[in-house]
Amino acid sequence: MRQWTKEERYRVLKDPEEIRELHERIVKSDYRQTYHIQPPTGLLNDPNGFVWHDGVYNLFYQWCPWGAVHGLKYWYHTCSRDLVNWYNVGVCIKPDCDMDNKGIYSGSAWPGRDAIHLFYTGNHRDEDWKRTSNTCMVKLYDDGRNAKLPWPLFGPNPNYTEHQRDPKLYYHKERNKYYILFGAQTKDKHGCIIIYQSDTLSENWDFIGELKVPGYEDFGDMWECPAIEHIGNHDVLLLCPQHLLLPGRGGTVHHSGYLLGVMDWDTLTFNHDGQFHVLDFGFDSYAAGCANHLPDPNKAICTAWMGLPDASYPTDEEEWSGCLTLPRELRIRDRRLIQQPIAELTELRDEEIDISDGKMPRVCELLINIRPGDASFRLFTKADGSGGISIEYDDVAKRITIDRSGLDKRFNIEQGESRSRPLENGLSQLRIFIDKSSMEIFVNDGDAVFTTRVFPNPWENEFRIKADCDLKIWSLKPSVMDDFIIW
Ligand code: FRU
């Protein structure tokens, strides 16, 4: 694997021409996605600033231009009117000030009177590489102009370590107040959330305290990308605890999950039902973020980074990695989050495919209705039926298991290659979205989701099914442009 020096990772992009050739090379890759948001070059990580404003969904992501490496981060901007067809807008926020000299880190957005307000963590480092996390703001005007406030809204909170970042804006309608939640680390190295409050978006932010999450005072050493979402009659606390092993999650120490409960804004306590749930049971999902300010306030739509920190992928050697998951609508059923691909995605369906020859289309949607009994699905097998990624359902144990160890291109093996989840009511449906290098498996109408990157070789192109089921497959139209727009 390529070793990057600090200078290479933190090189400032001065001119798009510096990466044009890289872009031209990677768009030829067989693993470029066709309906998922992906970076023009380099690395994509967290979704940022997902917000609806004036008929348009704006979605940004963490972007490092140079290769599949975490270095200098920019906010890259994409837009859509329907959450299905996305176009590249270009870089929106650059690390061009002292307060953010080593990266525009994650954050969120809210439309104000004259512009969308983007809140991010300005990652400043001094000559000794000592970090200062600043909370910074950019106004994005309707005509596309943007203006960065040349000084931070506020600096780091001295009562926490240097790890404090990822401002998520929450507007409380009844109180007519704005809150910002940050992921942070206490001085004795515990993950937590700190909260600021203001009456206006662009000034007078005050620290009002640390969020109390009873029973979760010792749960990983840092919580990244926290958020509170109001869904149905519930509050959902999203968080990404780090450096923590959880049962059934292999060797991974990074998790994207949630607690269900009620937020008490007077006492800053999140009263919950005691259970931390993993958001996605697959291998590659992190830093999930919900859209702010949706036209239908009763809806919640989220997307996540289809990747993990400290992981590497087969496209790293092509100098790019990462993409975002499909947008998913969140609901609550039986005290759990249900995640469904947004309804508009059916527009991507092209032709229904006849698969009697056992050949796997590379870009498709599968809808499988399954009758009771054991079931086995193996996708991307070789011509002799060996290998592939397997989805096995054991009807006695009532458990579904996904195993990707049968693919030729194996990666992140130490994070575990098999994941499973109990299904109290048995398996009745699988809806699977396959793009050139990803699979998103929605089980039982969104009761569980398994998201995974897959990098099949051309000869891994068949499938085998042993199940009592009805199956439909559609090829899907491309909906995300792969053009070279930098600024
Ligand atoms: C999560 C994260 C955030 C940070 C960003 C930097 O993946 O580490 O906490 O703001 O990525 O790219």
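Answer yes or no: is there a residue in segment 13-33 that is at negative phi and either assigned to a strand (DSSP E or B) or within 16 Å of the ligand (Cβ to nearest atom) (or both).
So in segment 13-33, the residues at negative phi come out as 13-33.
From what is left, the residues that are either assigned to a strand (DSSP E or B) or within 16 Å of the ligand (Cβ to nearest atom) (or both) are 13.
Yes.
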### Message
I need the strands (runs of 3 or more DSSP E) fully contained in segment 295-350, keeping only those with at least 2 residues that are among the basic types (Lys, Arg).
### Response
328-333
### Query
Taking segment 413-424 as the search range and keeping residues that are at pLDDT 95 or above and more than 18 Å from residue 457 (Cβ to Cβ), which one is surrounded by the fewest Cβ atoms within 10 Å (Cβ to Cβ)?
422
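For (1) assigned to a strand (DSSP E or B); (2) touching a residue at least 24 places away in the same chain (Cβ under 8 Å); (3) within 16 Å of the ligand (Cβ to nearest atom); (4) out of contact with any strand residue (DSSP E or B) (no Cβ under 8 Å at 6 or more places or on another chain), each residue gets a yes or a no:
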| position | (1), (2), (3), (4) |
| --- | --- |
| 59 | yes, yes, yes, no |
| 63 | yes, yes, yes, no |
| 69 | no, yes, yes, no |
| 75 | yes, yes, yes, no |
| 83 | no, yes, no, no |
| 92 | yes, yes, yes, no |
| 95 | no, yes, yes, no |
### Task
Go through (1) surrounded by 15 or more Cβ atoms within 10 Å (Cβ to Cβ); (2) assigned to a loop (DSSP other than H, G, I, E, B); (3) small (Gly, Ala, Ser); (4) out of contact with any Gly (no Cβ under 7 Å at 6 or more places or on another chain) one by one and return the number of the condition residue 250 breaks.
(4)
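Residue by residue, here is whether (1) surrounded by fewer than 19 Cβ atoms within 10 Å (Cβ to Cβ); (2) in a loop (DSSP other than H, G, I, E, B); (3) within 26 Å of the chain's Cα centre (by Cα) holds:
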residue: 357; (1), (2), (3): yes, yes, no
residue: 367; (1), (2), (3): yes, no, yes
residue: 391; (1), (2), (3): no, no, yes
residue: 396; (1), (2), (3): yes, yes, no
residue: 439; (1), (2), (3): no, no, yes
residue: 445; (1), (2), (3): yes, yes, yes
residue: 450; (1), (2), (3): no, no, yes
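Enumerate the strands (runs of 3 or more DSSP E) found wholly within segment 114-178, keeping only those where 1 or more residues are within 15 Å of residue 49 (Cβ to Cβ) and within 16 Å of the ligand (Cβ to nearest atom). Give the derivation first.
Values: elements: 116-125, 131-140, 146-148, 160-172.
Of the strands (runs of 3 or more DSSP E) lying wholly inside segment 114-178, those with at least 1 residues that are within 15 Å of residue 49 (Cβ to Cβ) and within 16 Å of the ligand (Cβ to nearest atom) span 116-125, 131-140, 160-172.
Condition first: more than 13 Å from the ligand (Cβ to nearest atom), more than 22 Å from residue 417 (Cβ to Cβ) and touching a Phe, Trp or Tyr at 6+ places or on another chain (Cβ under 9 Å). Now tell me which residues in segment 288-317 satisfy that.
Scanning segment 288-317 gives 290, 291, 292, 293, 294, 295, 301, 302, 303.
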### Query
In the set 261, 257, which member is buried (at least 17 other Cβ atoms within 10 Å of the Cβ), without any contact (Cβ under 8 Å) to a residue 24 or more places away in the chain and in the same structural domain as residue 309 (by TED's automatic domain parsing)?
257
### Filter pass, residue 216 being surrounded by 13 or more Cβ atoms within 10 Å (Cβ to Cβ), touching a residue at least 40 places away in the same chain (Cβ under 8 Å) and in a loop (DSSP other than H, G, I, E, B)
yes
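The values are calculated or read from the model by the stated rules, or taken from the named source; none is laboratory data. Model, not experiment: these values are computed from the prediction. Neighbour counts are summed over all protein chains in view; Cβ atoms, including those assigned to glycine, are modelled from backbone coordinates with ideal geometry.
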